[in-house]
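FYI, it's all coordinate maths here, none of it is from the lab. Not measured: the values here are computed from a predicted model. No Cβ is skipped: glycine too gets one built from the backbone with ideal geometry, and neighbour counts run over all protein chains shown.
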Amino acid sequence: MTRLRCKTQTIRVLYSAGLIGIGLFLSACGGGSGTIGGGNSALQTGPAAIFNGASLPSAKSHWRATNCTVQVELTSDSGFYSVVVDKAGKTSSGGGHWVTGPDATSLTTDLGSGLGGFLWVSSLRTIAGSTSSQAFTANVIVQPNTQILSGCTFVLVQGPLP
């Protein structure tokens with residue numbers, strides 16, 4: 001009887017160790033990530049999550065803010081194009097490049113102008129969302145007078161910016 005109990009306990013220990021080993025293996029391989037659909041993260045952030053294509057000439061979509069008068073397009077080759085409409089209804093648009101920063105969820109552009117009254121997007125901060133979800137939010141910095149447009153919600157629109 002004692003020998004039977006010993007074998008039963010040994011089997012339980014081995015069974016538990018096996019389950020723990022399988023759990024560690026699956027965690028290391030990405031299984032059991034804790035996200036719906038088995039994705040790598042529940043929230044995608046940063047510039048790389050919101051690309052509209054490989055380059056500005058080949059872009060098939062752009063982003064339009066629903067609560068700010070801004071549209072943007074950014075591409076994996078660091079292309080950036082923005083359209084900003086001021087309070088008087090005047091439209092400013094232009095293209096250039098972007099770099100990641102000042103943190104991983106933000107981008108800064110090299111856009112600028114010496115023209116009076118010309119507005120441009122100098123930065124998107126706290127980018128959260130993705131092209132696959134067809135929406136993202138960000139704080140938009142518009143120059144030349146550092147206007148901060150907080151909590152802009154962008155939706156994906158088919159077709160490139162003009």
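Observations on the model:
- For region 47-158, the residue among 71, 51, 124 whose Cα projects farthest onto the positive side of the dipole built from Cβ charges is 71.
- Taking 0.36 nm per residue of sequence separation and removing the Cα-Cα distance, the residue 66/residue 86 pair yields an extension gain of 5.7 nm.
- The packing ranking, built from the mean of other Cβ atoms within 10 Å per residue, places the peptides 48-59, 83-94 in the order 48-59, 83-94, highest first.
- Put simply, the amide H of residue 52, placed in the peptide plane, has neighbours under 5 Å in 74, 75, 76, leaving out anything fewer than 5 places away on its chain.
- Taking a point 7 Å out from the Cα of residue 97 in the direction of its Cβ, the residues of region 61-90 whose backbone N falls within less than 14 Å of it are 75-81.
- Note, ³J(HN,Hα) from phi for region 53-58, Karplus 6.51, -1.76, 1.60, rounded to Hz, x at Gly and Pro: x, 7, 8, 4, x, 9
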